[in-house]
Amino acid sequence: MEKKLSILGSTGSIGCQTLDVVRGMGMKVVALAAHRNITLLEKQIREFMPQLVAVFDLEAARQLQIAVKDLPVKVVSGMEGLCFAATAEHADLVLNAVVGMVGLRPTLAAVEAKKDVALANKETLVAGGALVMKAAEKNGVRIIPVDSEHSAIFQCLYGCTDHKQLKRIILTASGGPCFGKTKDELEHVTAEQALQHPNWDMGAKVTIDSATMMNKGLELIEAAWLFSMPMEQLDVVVHRESIVHSMIEYQDHSVLAQLSVPDMRIPIQYAITFPDRYLSSVKQLDLTQWGQLSFYKPDYETFRCLDACRQAFIRGGTAPAAVNGANEEAVKLFLQNRIGFLSIGDFVAGVMEKHKVEAVTCVEDVLQADTEARLYVSESIC
């Protein structure tokens with residue numbers, strides 16, 4: 001398949017799996033971007049030979065430049081470099097797999113450069129959904145979801161000519177490593193325990209988000225933007241096996257679901273090759289091997305992040321950016337063993353309730369709300 005890619009976050013879990021797909025399909029990589037893991041990044045450069053590489057960390061970028069001086073590759077750094085990679089001249093598609101708010105500006109840069117974006121960075125739409133979707137419409141580009149849940153909805157909706165026939169979108173959640181635990185039990189959950197996800201191999205931040213159910217709260221907001229659905233028509237069910245990746249329900253109460261083994265290479269490949277499908281190296285699904293698929297209602301009272309995200313979207317404006325910023329700061333502190341597991345949800349819910357909502361008219365509005373939320377969390381533990 002003749003498609004040229006720019007991959008942001010190439011050394012992370014999604015980035016590495018994207019390169020696995022690219023490797024199998026013989027696609028061309030024109031740009032790579034990473035935070036600071038230049039050891040892995042150098043290996044990727046020597047295999048895929050991109051024309052451009054961005055390293056967010058300035059010192060790491062200098063070290064990489066020395067390491068690859070024998071290759072015809074340009075090395076850039078910082079946010080400017082990340083946006084440069086997002087707008088790489090020959091890229092047909094930009095896959096954004098960076099983690100956190102840092103992903104917003106390069107997404108907007110890619111859209112303004114009229115590049116289609118395969119989006120795995122949740123924070124882009126959570127914090128800046130109004131800006132991104134407006135820019136995408138203006139520039140005539142597609143935002144194609146990479147997350148397994150949103151890809152499932154995207155696949156189920158493909159061919160649906162009238163979205164007014166939809167009644168609900170149902171996101172599935174694995175429940176993470178803390179499913180079924182009481183508040184008393186969660187008081188003593190350590191970072192090591194919260195990082196033990198039963199089904200998915202993800203980075204630390206995303207895995208903690210899964211444990212707190214924040215991940216699903218962020219995905220609710222993403223889905224609302226991606227599919228133009230009001231929050232009251234979005235539901236979550238806990239599905240421990242991660243075989244049913246999400247569902248849509250029509251007005252006649254018929255439900256369509258997308259199923260596959262829990263392997264991110266399927267939604268990644270579909271995002272890259274859309275609307276076509278190609279042979280995949282992923283294991284074929286055999287339902288007889290699973291025997292039983294289970295579904296449960298989420299525990300909104302114990303896992304406060306989920307409802308906080310729902311309420312933040314309803315409040316609108318800068319509220320989603322604030323809860324996202326509070327969560328990023330709280331997760332960082334939890335991984336440093338400076339706060340307890342339940343404190344993450346308390347901070348997210350606290351910011352949602354206290355934040356003074358402002359309209360989002362530009363990126364600076366989003367970044368200001370993010371900064372204020374992070375300060376609220378960090379100053380609360382001093």
- Query: With (1) closer than 21 Å to Val236 by Cα; (2) open to solvent by 20 Å² or more (accessible area, probe 1.4 Å); (3) in contact (Cβ under 8 Å) with a residue 12 or more places away in the chain as the list, and Val76 as the residue in question, which single condition is left unmet?
  - Reply: (1)
- Message: Regarding segment 286-299, can at least one residue be identified that is touching a residue at least 12 places away in the same chain (Cβ under 8 Å), assigned to a loop (DSSP other than H, G, I, E, B), closer than 23 Å to Ile221 by Cα and open to solvent by 90 Å² or more (accessible area, probe 1.4 Å)?
- Response: yes
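For the structure I just gave you, tell me whether Ala118 is open to solvent by less than 10 Å² (accessible area, probe 1.4 Å) and either closer than 26 Å to Cys362 by Cβ or free of Cβ contacts under 8 Å to residues at least 40 places away in the same chain (or both).
Numbers: open to solvent by less than 10 Å² (accessible area, probe 1.4 Å): yes; either closer than 26 Å to Cys362 by Cβ or free of Cβ contacts under 8 Å to residues at least 40 places away in the same chain (or both): yes.
Here the answer is yes, as Ala118 does meet what is asked.
Regarding Glu353, is this residue charged (D, E, K, R), out of contact with any Gly (no Cβ under 9 Å at 6 or more places or on another chain) and either at pLDDT 95 or above or crowded, with 23+ Cβ neighbours inside 10 Å (or both)?
In short, no.
Restricting to segment 105-124, name every residue that is in a helix (DSSP H, G or I) and at pLDDT 95 or above.
Of all residues in segment 105-124, those in a helix (DSSP H, G or I) come to 105-112, 122-124.
Correct list: Arg105, Pro106, Thr107, Leu108, Ala109, Ala110, Val111, Glu112.
Restricting attention to segment 323-350, report how many residues are over 18 Å from Ala308 (Cα atoms), more than 21 Å from the chain's Cα centre (by Cα) and crowded, with 16+ Cβ neighbours inside 10 Å.
Just the residues of segment 323-350 that are over 18 Å from Ala308 (Cα atoms), to begin with: 332-340.
Pick out the ones that are also more than 21 Å from the chain's Cα centre (by Cα) and you get 336-340.
Then keep just the ones that are crowded, with 16+ Cβ neighbours inside 10 Å; that gives 339.
Residues flagged as over 18 Å from Ala308 (Cα atoms), more than 21 Å from the chain's Cα centre (by Cα) and crowded, with 16+ Cβ neighbours inside 10 Å within segment 323-350 amount to 1.
Condition check ((1) touching a helix residue (DSSP H, G or I) at 6+ places or on another chain (Cβ under 7 Å); (2) not acidic (Asp, Glu)) across all residues:
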position	(1), (2)
Leu5	yes, yes
Cys16	no, yes
Ile45	no, yes
Asp57	no, no
Gln63	yes, yes
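Could you grab me the full set of residues in segment 65-104 that are assigned to a helix (DSSP H, G or I), among the small types (Gly, Ala, Ser) and more than 13 Å from Ala118 (Cα to Cα)? Let's see the steps before the verdict.
Going through segment 65-104, the residues assigned to a helix (DSSP H, G or I) turn out to be 65-67, 78-86, 101-104.
So of that shortlist, the ones also among the small types (Gly, Ala, Ser) come out as 67, 78, 81, 85-86, 103.
Within segment 65-104, Ala67, Gly78, Gly81, Ala85 meet the criteria.
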- Only residues in segment 222-241 that are on the phi > 0 side of the Ramachandran plot count as the first member; pair them with residues that are surrounded by fewer than 20 Cβ atoms within 10 Å (Cβ to Cβ), Cβ under 9 angstrom, at least 6 apart or cross-chain, and list the lot. Ser228/Met133; Ser228/His163
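When you scan segment 135-254 for strands (runs of 3 or more DSSP E) that lie fully inside it, which ones turn up with 3 or more residues that are surrounded by 20 or more Cβ atoms within 10 Å (Cβ to Cβ) and out of contact with any Leu (no Cβ under 6 Å at 6 or more places or on another chain)? Give the steps one after another, and end with the answer.
On the way: elements: 143-145, 166-173, 234-238, 244-250.
Once the strands (runs of 3 or more DSSP E) in segment 135-254 are filtered for at least 3 residues that are surrounded by 20 or more Cβ atoms within 10 Å (Cβ to Cβ) and out of contact with any Leu (no Cβ under 6 Å at 6 or more places or on another chain), what remains is 166-173.
The values are calculated or read from the model by the stated rules, or taken from the named source; none is laboratory data. In this text, all values refer to a predicted model and were calculated from it rather than measured experimentally. Note: ideal-geometry Cβ built from the backbone for every residue, glycine included; neighbour counts use all protein chains shown. Heavy atoms of the whole protein, side chains included, go into the accessibility calculation; ligands, DNA and RNA do not. Shrake-Rupley method; radii C 1.70, N 1.55, O 1.52, S 1.80 Å.
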